[in-house]
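Taking it in order: structure first as structure tokens, then the write-up.
Coordinate-derived values only; no laboratory data. Note that the coordinates shown come from a computational prediction; the quantities given were computed from them, not determined experimentally. Note: ideal-geometry Cβ built from the backbone for every residue, glycine included; neighbour counts use all protein chains shown.
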Protein chains: 2
Amino acid sequence: MLDSISALQYELVYNAFSFTVAVMGAATAFLFLNRGQVAFIYRTAISISGLVTFIAMYHYIRIASSWSQSFSMVNGQIASSGIAFNDAYRYVDWLLTVPLLLIELILVMKLSQSETVAKATKLGSLAALMVILGYPGEISPDPGTRWFWWSLSMIPFLIIVYDLFIGLKKSIDSQPEAARGLVSAARYVTVVSWLFYPIVYVLPMVGLTGGSAVAAVQVGYTIADIVAKAGFGILIYMIAVRKSELEPDFVAAIPRGAKPSAV
Amino acid sequence: MLDSISALQYELVYNAFSFTVAVMGAATAFLFLNRGQVAFIYRTAISISGLVTFIAMYHYIRIASSWSQSFSMVNGQIASSGIAFNDAYRYVDWLLTVPLLLIELILVMKLSQSETVAKATKLGSLAALMVILGYPGEISPDPGTRWFWWSLSMIPFLIIVYDLFIGLKKSIDSQPEAARGLVSAARYVTVVSWLFYPIVYVLPMVGLTGGSAVAAVQVGYTIADIVAKAGFGILIYMIAVRKSELEPDFVAAIPRGAKPSAV
């Protein structure tokens, strides 16, 4: 399938990967540097948001390098180099980052300790299961096999989305006024950016072929990763900043009038 | 032995190494960032936990690179490149990290100063001896030689395990209620994850041959390292968070009601 790619498609995908390395690296630096701008209790959520973009940055460096090793370019003509593109990097990344993404959302909600542990365990395990079930289909060229694993993977996917929409809806009503809109937005960003993944997955099964299919899948997953990891991480940070103003340690340490104007 | 490996085994091992780079890097970032989330007295334990995963991240970057240089891939077919895979990275890593792992466990126990120094010296030296005695067998293809060094290495191994189970048992009873379960869990995680190593070591001596033996040893050690270093480090962090709530400096700095819900 890599044989049918055009030089333009090759470059589009490569530049999307390189752009993502820069975005993830910048998001990581921002979140790591600015975790002291939120109250003590929200700092773990910000650390974890930064871990997600840090892990993604690492994998996009590897993905970009594997992509360029998969091709050789001679006189502006692109051809497969015979070295396989390593699809596993994405799944290894998701196996780590998707459970962490859900945990950062749960942590910023500031639920009770037992509720935090219960929700993090449940959603984190379902997310790992979803990623594992998707992989056998992703590496298969056969549409039947792809649909089979896609369907299995959609079961934990739908449970998570349902849980976020219905289960977390109740918790959102108990969020402070100032942060309620942003927490609700984070819920929607999760669901919408997540919907990208199963749609991108089916592109090669619904008529898209050759180089276009490869490029669409790679660019599609890349856009979804930017929104779901870097965009979402910044949203979590903004929620933590708003909610910090209600925390006694934060109010004591940061005098009134000096509250962050950044968000 | 590397000649008999299949492309699938090669990729499984490579992806396990890359996954571990990401896990160790993420654990390091988390522990370095979050050491301020625990009381002053426990921060050295958290720093050392982060050093262990940091050293492991470095070695897994080297191991992954040595692994891919040991093979060449032509048209999806894998063959030995003639460059030897460097087994020494693991032993150099263990020589540094295993004594540090024991020291982080001892530090989080908050024993008396003399007890801390005595235990850290004794267990740290035994751990270094254990790693040094294992290496000559690891690089030998002869089962007799492997068994000889394995047996010698098991002597300090068993003394450490005995000391953790019996010696630290007494100290555990003196741990605060809130942390006792986690400290006990850390003791078990150490012993169970450590048992992985001598078992993986003997796989090529009990009938496993060729590519399967190589893949099983590499993936086995990798899983053991993830549990014993990253998993254990997070457990030490959780213990430190719970115990911090009993430290006066921590209680003074972090008002009640703002205690971390992270763990």
(request) With label points built 7 Å along Cα→Cβ from the Cα atoms of A:S151 and A:A79, find their separation and express it in nm. (result) 4.2
(request) Would you mind checking the tilt of helix A:88-109 against the longest principal axis of the Cα atoms of chain A, expressed as 0 to 90 degrees and rounded to 10? (result) 20
(message) At a threshold of 8 angstrom on Cα-Cα distance, excluding pairs fewer than six apart, so keeping six or more, what relative contact order does the stretch B:12-112 reach in percent?
(response) 31
(request) Calculate for chain A the 222 nm mean residue ellipticity that helices alone would give, adding -39,500 (n - 2.57) per DSSP H run of length 4 or more and normalising by residue count, nearest 500 deg cm²/dmol. (result) -24500 deg cm²/dmol
(message) How far, in nm to one decimal, is B:Q77 from itself in the other copies if the label point is set 7 angstrom along Cα toward Cβ? Shortest first, please.
(response) 2.5
(message) Defining a contact as two alpha carbons under 8 Å apart and six or more residues distant in sequence, what relative contact order in percent does chain A show?
(response) 26
(message) Please report the spacing between the Cα centers of the stretch B:184-244 and the stretch B:103-156 in Å, no decimals.
(response) 15
(message) Greater than 29 Å separation of Cα atoms is the criterion. Which listed pairs, A:K122/B:K169; A:K110/B:K243; B:K122/B:K243, meet it?
(response) A:K122/B:K169
(request) Please order A:S114, A:S6, A:S68, B:S49 by the number of other Cβ within 10 Å, starting at the fewest. (result) A:S114, A:S6, A:S68, B:S49
(message) How are the alpha carbon pair distances in the protein assembly as shown distributed across 20 Å bins from zero to the largest one, expressed in percent?
(response) 20, 51, 27, 2
(message) Residue by residue through B:185-194, how many Cβ atoms from other chains fall within 10 Å of the Cβ on average?
(response) 0
(request) Can you list the distances in nanometres, one decimal and ascending, from the B:A7 label point to the identical position in each other copy, with the point 7 Å along Cα to Cβ? (result) 2.8
(message) Let me confirm one metric for peptide A:40-48, namely the mean number of other chain beta-carbon atoms within 10 Å of its residues' beta-carbons.
(response) 6
(message) Just to verify a number: FRET efficiency for B:S174 and A:I223, C-beta to C-beta distance, R0 = 51 Å, to 0.05?
(response) 0.40
(message) Ordered shortest first, which distances in nm separate the 7 Å Cα→C-beta label point of B:I41 from those of the other copies?
(response) 2.6
(request) Give me D for the stretch A:2-252 in µm² s⁻¹, whole number, from Stokes-Einstein with Rh from the Kirkwood sum over alpha-carbon pairs, 20 °C and 1.002 mPa s. (result) 112
(message) Considering only C-alpha atoms, what is the centroid distance from the stretch B:15-57 to the stretch A:2-78, in Å?
(response) 22
(request) Ignore the peptide's own chain and count Cβ atoms of other chains within 10 Å of each Cβ in A:243-249; give me the average, rounded. (result) 2
(request) Could you rank the peptides B:53-61, B:157-165, B:35-43 by their average count of other C-beta atoms within 10 Å per residue, with the highest value first? (result) B:53-61, B:35-43, B:157-165
(message) How tilted is helix B:177-202 with respect to the longest principal axis of chain B? Cα atoms for both, answer in degrees (0 to 90, nearest 10).
(response) 10
(message) If the reach is capped at under 17 angstrom between alpha carbons, list the aspartates and glutamates near B:K170, excluding any in the same chain fewer than eight residues apart.
(response) B:E115
